[in-house]
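The values are calculated or read from the model by the stated rules, or taken from the named source; none is laboratory data. Because the structure is predicted, anything quoted here is derived from the model rather than measured. Positions of Cβ are generated from backbone atoms using ideal geometry, with glycine treated the same way; all protein chains shown enter the neighbour counts.
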Amino acid sequence: MAHWLTNRGKLLLLQGAWDDAGSTALRVGLLAGSSIPAAMDTEAEIQDLATVDALLALTGVDEPTASWYTGAGTAGRLNLSRTNATQDDTNNRVNMDAANLTWSAAAVGTTIYGAFVYDATTDTSDTTRQLISVITLPTPIPTNGSDLVLQINDLFRAS
């Protein structure tokens with residue numbers, strides 16, 4: 001699994017954006033399609049994206065349109081709750097973890113290849129929502145009617 005911070009995301013995290021606004025500061029949306037689009041398959045293509053709109057404007061980059069997604073949370077984008085940040089002296093880093101996210105009863109017919117994290121404190125439209133990071137899965141996951149769980153272990157690491 002690849003997880004790339006945007007330059008804007010690095011700035012926001014260093015400025016403490018996650019700590020300042022609590023569990024509604026960051027949200028996660030899903031990315032749907034049969035495979036990772038060529039327009040976003042490298043870190044270099046993600047780094048300079050500053051908004052959710054810039055990500056979704058890339059060729060082949062789409063959110064799910066099924067009702068199990070659009071009817072959930074904030075049109076499918078779920079609040080990300082930080083669980084803790086820990087100092088790891090053994091590996092000389094800080095690990096920032098978050099609670100797992102669940103999209104309930106993800107009906108058959110959608111394939112998920114990734115997700116994106118954004119700052120929800122500027123939540124007027126995707127043109128102002130600041131993109132923090134993009135996650136791509138090693139293998140796309142077809143929905144099957146079960147809950148879709150994004151398991152998060154150390155969402156961000158600073159080293």
Would you confirm whether any residue within segment 98-119 is loosely packed, with under 13 Cβ neighbours inside 10 Å, farther than 22 Å from P140 by Cβ and in contact (Cβ under 8 Å) with a residue 40 or more places away in the chain?
no
Expected output for segment 53-74 (first residue farther than 18 Å from A107 by Cα, partner part of a helix (DSSP H, G or I) and among the acidic types (D, E), Cβ below 9 Å, 6+ apart or cross-chain) is L58/E45
Hey, L137 in contact with a helix residue (DSSP H, G or I) (Cβ under 7 Å, 6 or more places away or on another chain), surrounded by 15 or more Cβ atoms within 10 Å (Cβ to Cβ) and closer than 22 Å to I36 by Cβ or not:
no
Tell me the residue from D126, D88 that is touching a residue at least 60 places away in the same chain (Cβ under 8 Å) and among the acidic types (D, E), please.
D126
Can you pull out the strands (runs of 3 or more DSSP E) entirely within segment 1-89 that have at least 1 residues that are modelled with pLDDT of 95 or more and buried (at least 20 other Cβ atoms within 10 Å of the Cβ)?
26-32
Taking the conditions exactly as written (farther than 20 Å from T111 by Cα and either of a type in the set (S, T, N, Q) or at pLDDT 85 or above (or both)), does D97 satisfy them or not?
no
Scanning segment 42-52 for residues that are within 15 Å of the chain's Cα centre (by Cα) and not aliphatic (A, V, I, L, M) gives E43, Q47, T51
Give me the residue from segment 128-147 that is in a loop (DSSP other than H, G, I, E, B) and modelled with pLDDT under 95 and, out of that set, nearest to the chain's Cα centre (by Cα).
R129
Pairs with Cβ under 8 Å, 6+ apart, first in segment 39-52 and over 20 Å from D123 (Cα atoms), second part of a helix (DSSP H, G or I) and of a type in the set (V, I, T):
M40/I46
Of all residues making up segment 102-159, the number that are of a type in the set (A, V, I, L, M) and more than 23 Å from D41 (Cα to Cα)
5
